1. Out of curiosity, is residue 195 among the charged types (D, E, K, R) and surrounded by 14 or more Cβ atoms within 10 Å (Cβ to Cβ)?
2. Give the residue that is most open to solvent (accessible area, probe 1.4 Å), with candidates limited to residues of segment 176-188 that are without any contact (Cβ under 8 Å) to a residue 12 or more places away in the chain and assigned to a loop (DSSP other than H, G, I, E, B).
3. Any chance segment 151-167 includes a residue that's under 19 Å from the mean Cα position of the chain (by Cα) and open to solvent by less than 30 Å² (accessible area, probe 1.4 Å)?
4. With respect to residue 173, is the statement that it is open to solvent by less than 80 Å² (accessible area, probe 1.4 Å), over 13 Å from residue 142 (Cα atoms) and free of Cβ contacts under 8 Å to residues at least 12 places away in the same chain true?
5. Just name the residue that is most open to solvent (accessible area, probe 1.4 Å) out of those in segment 46-57 that are farther than 26 Å from residue 122 by Cβ and among the aliphatic types (A, V, I, L, M).
6. Restricting attention to segment 10-42, report how many residues are open to solvent by 60 Å² or more (accessible area, probe 1.4 Å) and farther than 21 Å from residue 112 by Cβ.
7. In this structure, does residue 209 turn out to be open to solvent by less than 40 Å² (accessible area, probe 1.4 Å) and either in contact with a His (Cβ under 8 Å, 6 or more places away or on another chain) or farther than 16 Å from residue 78 by Cβ (or both)?
8. Tell me, yes or no, whether segment 218-227 has at least one residue that is free of Cβ contacts under 8 Å to residues at least 60 places away in the same chain, out of contact with any helix residue (DSSP H, G or I) (no Cβ under 7 Å at 6 or more places or on another chain) and small (Gly, Ala, Ser).
Amino acid sequence: MGTNSSRMDCESRKCQILAAVRKIFSRKGLEGTTTRELAKEAGVSEALLYKHYPSKEALYKAMLESCDSEFMGEVKKITSLEPSSSTLVTLVHFMVAAMLKRQVPDLEIRIRLYLQSILGDGEFARFIVKQKQESCSVVSKIADCIKAATEAGDITESPVPAHLRALFTDRLAFMLVSDLLPERPAVDYGAPREKLIEHTVWFMLRGVGMKDEAIRRHYNPKALALFAA
């Protein structure tokens, strides 16, 4: 009983530490953050911090993995669908809506971490992109759906490989939400959030080569919004 309780306390403490250090890592990155600052942010001693994580790098990696698992949990139900034209439309809509409506857990912190990483050594940025490419994620699922939709005649042939078209859609969604991150958005897109989501989805689907008639056949923003709720 005591052992199980101690194990639970340890896991709870580790979760608290990971949640606390995200903010300071997002502001200063890996290289610019000291273990003293991390311990202070987490409300623990440096000795206790090292007890759970042997190095600053180990703590950083654990934090990155926890961020990614949260994001994957949000899209699990969509990525389990069979690749098809309908799944492609559904997946792109949910990806854009989740980003622009800030439904992804800790989205703002994730974006700040990514941008901070780009200004530094790029470790976090490479980690996220690699995870998306290697795991059963949004990007790989979109690529599978593009191939399925092409075979179904709903997408025109393109010299751009399916995996690149999928990656481009993901990066566009990321940049859009980055533009909207400040209280006063960096870019005024001149459209309400719901309409911006719809326009973005149309732009992305056309970008991967989907025919207009196929988009109209499969894309019903209001129905997808109700399904998401």
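1. In short, no.
2. Only one residue fits best here, namely 184.
3. There is at least one residue in segment 151-167 that is under 19 Å from the mean Cα position of the chain (by Cα) and open to solvent by less than 30 Å² (accessible area, probe 1.4 Å).
4. No, not satisfied.
5. Ranking the qualifying residues of segment 46-57, first place goes to 47.
6. 3
7. Yes.
8. Yes.
The values are calculated or read from the model by the stated rules, or taken from the named source; none is laboratory data. Note that the structure is a prediction, hence the values are computed from the model and not measured. Note: ideal-geometry Cβ built from the backbone for every residue, glycine included; neighbour counts use all protein chains shown. Keep in mind that these areas ignore ligands, DNA and RNA; they rest on the heavy atoms of the full protein, side chains included. Shrake-Rupley method; radii C 1.70, N 1.55, O 1.52, S 1.80 Å.
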